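Working notes, beginning with the structure itself.
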Amino acid sequence: MDAQEKKYKEMTEPPVEKLICKLAVPCIISMLVTSFYNMADTFFVGLLGEDTATGAVSVVFAMMAIIQAVGFFFGQGSGTFISRALGEKNYEEANHMAATGFLSALAIGAVICILGQIFLDPLARLLGSSETTLPYTRDYLRVILLGAPWMTASFVLNNQLRFQGGAMYAMVGITTGAVLNIILDPIMILPWGLGLGVAGAGWATIISQFVSFCLLLIGTSRGSNIRIRIKNFRLKVHYYYQILRGGLPSLARQCLSSLATISLNNVIVAKEMGDAVTAAMGVVQRISMFGASAMLGFGQGFQPVCGFNYGAGLHHRVKKGFWFCVKISTLVLAGIAAAGFIFAEDLVALFLESPDAIACAATALRFQCITFPTHGWIVMSNMMEQSMGRTIPATFLSVARQGLFFIPLVLILPQLFGQLGVEMTQAMADGLTMLCAVPIHIYVLKTMEKKK
């Protein structure tokens, strides 16, 4: 039995619950460590004792979300196709898609780097930087843009490895880079080290991301994983259409997440709420991402199982895996939400100095904790639809939370309630998204049964 046939049996025969848990463990570890190092930048910059510097990190986070959007577009788009192709035993197509997705993302990342450096100041203002945070934003953004090519390519490799069932190789690359980033942050940022300030956080990020990129590339040459070979690249409409089908939900979700952050930052500047509020909302965003990271990792363990078994026509295994993931993730998120609600002030005080910023962040975090358990259904539905190639419902759910609901609400609620409107926007957007997600995915489940 060759390696690909062995992989097929491993993904389609064991009990679904056991298989998901096996694949989810390295994904959960990767997500937790990645979220932790995302907070590390904010934490060590916060030790400089300036809300303007912390605010700049929050502003540039929107640009990092755009870079991530490109990576996830090509990574999820190529990865979902690879997963289904392997389930259908179409190995040649899977090899062509792996190279096409990887090299395309690398090229787009280079374009982002060049254009970003040329239009650095306009870009910083567009992201929501105030005049007081602009010098810090410029320093951080200039460095982050340098790493755009290998950052986008890293997201592609990470997703492709996961969708092949090679989550362990993905975990090694991601966690090694994340740990290195945490080590480099104080050395680069703080006065007792190199003392580069906010720019140091950028250097720590792109150096560690480059190490991750190298390890992930090595991971593709191990085991039964698909090797990235330039000769397999295909500049064909067919492959880009498939990337669009699988990657559009991720692109929409990540781009709208960035646009939502930009809108939030600009509303705060327009209403003259101050840099403390910008910093506070950025901290809440990082904490929320950390809280959801285990659930996202669990869902990432489900995605290759969904793709393989859907491609193989084993729809009962797909449905069984979905309900298992929804139950576990909702229970875990409910526990995290309760802890976050109770200890909100203590959590945000780890990253913020001023009482005003702490009060704002604690209120916003408590609002988000109220709707936090809804993410289990929303995310698992979205991941399942994306893995099945159901582009329209997956894309709608991707745009609903941060686009369809958040952006209008963040423009309306501050007009009515001032700063309180800013603090409650995300929670209201989550609640409205849940109201849409339930009937949409029930419809998807019913149509899958009919197809069976």
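The values are calculated or read from the model by the stated rules, or taken from the named source; none is laboratory data. Just so it is clear, the structure is predicted and the values come from calculations on it, not from any experiment. Ideal geometry is used to build each Cβ from the backbone, glycine not excepted, and the neighbour counts take in all protein chains shown. All accessible areas refer to the heavy atoms of the entire protein, side chains included, with ligands and DNA or RNA removed. Shrake-Rupley method; radii C 1.70, N 1.55, O 1.52, S 1.80 Å.
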Worksheet item: Restricting attention to the stretch 363-408, which residues are open to solvent by 30 Å² or more (accessible area, probe 1.4 Å), without any contact (Cβ under 8 Å) to a residue 40 or more places away in the chain and of a type in the set (A, V, I, L, M, F, W, C)?
Response: Ile392, Leu404, Phe405
Fill in: Any helices (runs of 4 or more DSSP H) falling wholly within the stretch 1-102 and containing at least 2 residues that are touching a residue at least 24 places away in the same chain (Cβ under 8 Å) and under 25 Å from the mean Cα position of the chain (by Cα)
16-46, 51-87
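Output the number of residues of the stretch 297-310 satisfying the condition of being open to solvent by less than 10 Å² (accessible area, probe 1.4 Å) and closer than 13 Å to Arg84 by Cβ. If you could, list the steps in order and put the result at the bottom.
Pass one, the stretch 297-310, residues open to solvent by less than 10 Å² (accessible area, probe 1.4 Å): 297, 299, 301-309.
Within this subset, residues satisfying the condition of being closer than 13 Å to Arg84 by Cβ are 303-309.
Qualifying residue count for the region: 7.
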Discussion item. Where the second residue is surrounded by fewer than 24 Cβ atoms within 10 Å (Cβ to Cβ) and of a type in the set (Lys, Arg) and the first is at negative phi and lies in the stretch 168-192, which pairs have Cβ atoms under 8 Å and are six or more apart or on separate chains?
Written reply: Tyr169/Arg222
Discussion item. Tally up the residues in the stretch 349-375 that are at pLDDT below 90, in contact with a helix residue (DSSP H, G or I) (Cβ under 6 Å, 6 or more places away or on another chain) and outside any loop (DSSP other than H, G, I, E, B), please.
Written reply: 2
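Every residue, every condition in (1) out of contact with any Lys or Arg (no Cβ under 9 Å at 6 or more places or on another chain); (2) over 21 Å from Phe72 (Cβ atoms); (3) not in a helix (DSSP H, G or I), yes or no:
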residue	(1), (2), (3)
Leu196	yes, yes, yes
Gly200	yes, yes, no
Arg227	yes, yes, yes
Ala252	yes, no, no
Ala260	no, no, no
Met281	yes, yes, no
Practice prompt. Read through the list (1) modelled with pLDDT under 90; (2) surrounded by 24 or more Cβ atoms within 10 Å (Cβ to Cβ); (3) within 19 Å of Phe213 (Cα to Cα); (4) polar (S, T, N, Q), then give the number of the only condition that Ser129 fails.
Written response: (3)
Item to complete: Could you pull out the residue among Trp203, Trp192 that is open to solvent by 60 Å² or more (accessible area, probe 1.4 Å) and within 21 Å of Gly55 (Cβ to Cβ)?
Response: Trp203
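Only one of these is within 19 Å of the chain's Cα centre (by Cα), over 30 Å from Leu134 (Cβ atoms) and open to solvent by 20 Å² or more (accessible area, probe 1.4 Å): Ala334, Ala294. Name it.
Values: Ala334 fails: within 19 Å of the chain's Cα centre (by Cα).
Selected residue: Ala294, the only one of Ala334, Ala294 that is within 19 Å of the chain's Cα centre (by Cα), over 30 Å from Leu134 (Cβ atoms) and open to solvent by 20 Å² or more (accessible area, probe 1.4 Å).
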Worksheet entry | Unmet criterion (only one of (1) farther than 29 Å from Gly128 by Cβ; (2) free of Cβ contacts under 8 Å to residues at least 40 places away in the same chain; (3) aliphatic (A, V, I, L, M)) for Val305 | (2)
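Quick check on my filter: what residues within the stretch 136-168 are in a helix (DSSP H, G or I), of a type in the set (S, T, N, Q) and within 26 Å of Ile29 (Cβ to Cβ)? Write out each step before concluding.
Just the residues of the stretch 136-168 that are in a helix (DSSP H, G or I), to begin with: 136-146, 148-163, 167-168.
Those still in the list that are of a type in the set (S, T, N, Q) too: 137, 152, 154, 158-160.
Correct list: Thr152, Ser154, Asn158, Asn159, Gln160.
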Fill in: Matching residues in the stretch 311-327 - criterion: being modelled with pLDDT of 85 or more and either of a type in the set (D, E, K, R) or open to solvent by 20 Å² or more (accessible area, probe 1.4 Å) (or both)
His316, Arg317, Lys319, Lys320, Trp323, Phe324, Lys327
Fill in: Test for Leu416: is it surrounded by fewer than 19 Cβ atoms within 10 Å (Cβ to Cβ), in contact (Cβ under 8 Å) with a residue 60 or more places away in the chain and part of a helix (DSSP H, G or I)
no
Discussion item. With the structure loaded, tell me whether Tyr136 is open to solvent by less than 20 Å² (accessible area, probe 1.4 Å) and within 23 Å of Ala201 (Cα to Cα) or whether it fails that test.
Written reply: no
